[in-house]
Amino acid sequence: MDVQLHGKAVAEKQRRGWSQKEKKEVFWGYTFILPQLIGMLVFSIFPLISVFVLSLTQWDGLGDIHFVGFQNFIDQFTGDDLRIALARTVYYTVLTVPIGLFIALMLSLALNNVRGKSFYRLLYFMPYVTGSVAVGVIWSWLLNSDLGLINNLLKGWFHIDGIGWLTDSRYVIPSLAMVGIWQGLGFNIVLFLAGLQGIPQTYFEAARIDGANRFQTFWRVTLPLLTPTIFFTTVISVINSFQVFDLTFILTDGGPGKDSYTMVYHIYNLGFKSSQYGSASAVAVILFLILMVLTLIQFRLQRRWVHYEM
Amino acid sequence: MQKALHHEGAASVRTRPKQRRSGLLLTILLHVVLIVFSVVMVAPFLWMLVSSFESTEQAFSIPPTWIPDPIMWENYPQSLQALPFHLAYWNSTLVAVTVTLCQLITCSLAGYAFARLRFPGRDIIFFLFLATLMIPFQLTIIPIFLTMKELNLLDNLLSLILPPSLFSAFGVFLMRQFIMGLPTELEEAAIIDGASRWAIFWRVIFPLLKAPLSALGIFAFLSQWNDFFRPLIMLNSSENFTVPLLLNQFRGQYATEWTLVMAGSVIAIVPVLIVYLLAQRYVIQGIAMTGLKA
């Protein structure tokens, strides 16, 4: 409505000319948005168009650019690397998103019912603040198969021989998922707590008056009213998991072999290690399309399970 | 009628001691779970700190020892000498502070214009900003990298500073939404007094933006400070490295000397941890507010 009114007002003015005061407003409007407008054109719109064009070319950044049509896409779909990267990424996402969100949801519910919430939250949020490189470096030692803390603890306390967390192809993706969940826990908890606080108290009072017990209140009131937050965190977590790079780079370097070779690692490898900018752009476009389709599917499915108030 | 029902309901709940006891039991159980997870969250950091003061033999012992004996203070000067951490600090600070300040100013200016000023094309341009929110950074990073290469800005901190300083669709969106919610009376009074738009923005609006500015500022600072992918592809020489990049190099070069690597990790994360502990309320509020983005 606001937009329509504004549009009409502008059309009206264009008919009868701009007054001095309105001209000034137009001037300041463009001046104020100018830095960000330039930024958007140079660092978002132009790269966006370029990446689609680049994906249709072969270029090493030095010689001539060759237009090759959809050859890069055909190569990617017929070669092994994209299939491997996609499989690893999906495996990582399938482990990280549901387990991570479930733990975060349970801890948020617990936090919402006890004192000392901010103290616990402080601790849970630490890995998010310290950043993924520090997290990766710490965990690369914890999970080291010969000298790492975890295997040493297993041996010292329980006399169990440890496993090759990061070196055994069976365990590498679950190990990465474990670190990813650990790192993302605080962030998800903060979002869930915000969602829980957003539920109006009147609903809980109503449930209490109706004589609902804790379990019923959770199942019939809290959970349905939290579904918008759950939906939102799911969408974000899927996108973030699909873009995993820092942890795989630091902890495993895509290995052992190509057992933790993820999508963004594939882009990095093609583009920034071997200067195949055309192919790298094609993979970036494929990743973008996959994420878009996944998000659209989630928005479609939300009608079945997300309850919006009113 | 409703009031009576309410009283009855409240009374029936209050007079059940059994439920209250089960409530206490539940509270204890919840704390146990929360403490177990706290240990899981903190233990890796604690081990990093402990082992950074241990000798290699002690750090590798089975079972692990949690009290350094003797305390190897020399791990710290050794790590600091091994790689130029002081330069990395300076680089990271320069990048993160510049980007944060630029975003705070350009985003609030643009947000004000989109919220309050009338000019042709405003809504279309704002819609474009919203649309770019959905573009993952991997999609645009290759052309941005090639642009920096053309401009001869590779291995230059400007390649990290320029793009996010001039463009944050999320920041513009956050500011615009917040300014839309402000009452217009203050500005109207200033307009009648004949103040220019710039004066209105700077004297009237900007001081009211503390909440969204601190949220955006914290978000921008943390994401710049912790960024790894862009420094990794843009920078080459270690004197230009940011802290995460230097830590990564450290790990690569001293792969077997874990106690030194852990001392390096402590050096790398202590400043952000201190900032976080001092300003945790704002950090968490900021993240909750910016959670929309991530």
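Values quoted throughout were computed directly from the atomic coordinates according to the rules given, and no laboratory measurement underlies them. These numbers were taken from a predicted model, which means no experiment stands behind them. Cβ: placed from backbone, ideal geometry, glycine included. Neighbour counts: every protein chain shown.
Which of the three applies to the protein assembly as shown, rounded, prolate or oblate, going by the alpha-carbon gyration tensor with a ≥ b ≥ c and a/c under 1.5 meaning rounded? Before the final figure, lay out each step's value.
Values: a/c = 1.63, a/b = 1.09, b/c = 1.49.
It is oblate, given that a/c is not under 1.5 and a/b is not larger than b/c.
Determine, for B:Val172, A:Val133, B:Val42, the number of other Cβ atoms within 10 Å of each Cβ, and report the residues in order from fewest to most.
B:Val42, A:Val133, B:Val172
Which order do peptides B:45-53, A:277-285, A:124-132 fall in by mean Cβ count within 10 Å, highest first?
Order by mean packing, descending: A:277-285, A:124-132, B:45-53.
Please state the charge dipole magnitude for chain A, taken about the Cα centre, from unit charges on C-beta atoms (+1 on K and R, -1 on D and E), reported in debye and rounded to the nearest 20.
Numbers: 22 positive and 18 negative charges, 263 e Å.
Computed charge dipole of chain A: roughly 1260 debye.
Going toward the positive end of the dipole of the protein assembly as shown, with +1 on Lys and Arg Cβ and -1 on Asp and Glu Cβ, which of B:Ala263, B:Phe60, B:Trp198 do you reach last?
Going by the Cα projections, it comes out as B:Trp198.
For region B:167-200 and region B:52-67, what is the separation of their Cα centres, given in Å?
Cα centres, region B:167-200 to region B:52-67: 58 Å.
Give, in nm to one decimal, the length gained when the segment between B:Ile35 and B:Leu94 is fully stretched (0.36 nm per residue of separation minus the Cα-Cα distance).
17.4 nm
To the nearest whole number, what is the average tally of beta carbon atoms from other chains within 10 Å of the beta carbons of peptide B:192-205? Each step should come with its number before you reach the end.
On the way: counts 0, 0, 0, 0, 2, 7, 3, 0, 1, 2, 0, 0, 0, 0.
The mean count of partner-chain Cβ atoms within 10 Å per residue comes to 1.
7 Å from Cα along Cα→Cβ at both B:Val270 and A:Leu41: what's the point-to-point distance in nm?
For the pair B:Val270/A:Leu41, the computed spacing is 4.8 nm.
Expressed as a whole number of Å, what is the distance separating the alpha-carbon centroids of region A:192-208 and region A:220-291?
Each part's Cα centre sits 34 Å from the other's.
Of A:Phe158, A:Leu296, A:Thr229, which is farthest along the charge dipole of region A:72-305 in the positive direction, counting Lys and Arg as +1 and Asp and Glu as -1 at C-beta?
Going by the charge dipole, the pick is A:Thr229.
Extending each Cα 7 Å along its Cβ direction at B:Leu101 and A:Trp305, get the distance between those two points in nm, one decimal.
About 4.8 nm, to one decimal.
Among A:Trp28, B:Trp73, B:Trp90, B:Trp258, rank each residue by its count of other Cβ atoms within 10 Å, from fewest to most, as a rough exposure measure.
Arranged by neighbour count, lowest to highest, A:Trp28, B:Trp73, B:Trp90, B:Trp258 become B:Trp73, B:Trp90, A:Trp28, B:Trp258.
Report, as an integer, the average count of C-beta atoms from other chains found within 10 Å of each Cβ along A:261-271.
2
Under a plain spin-label model, where a point goes 7 Å from the Cα along Cα-to-Cβ, how far apart in nm are A:Asp168 and A:Val114?
For A:Asp168 paired with A:Val114, the spin-label model returns 3.3 nm.
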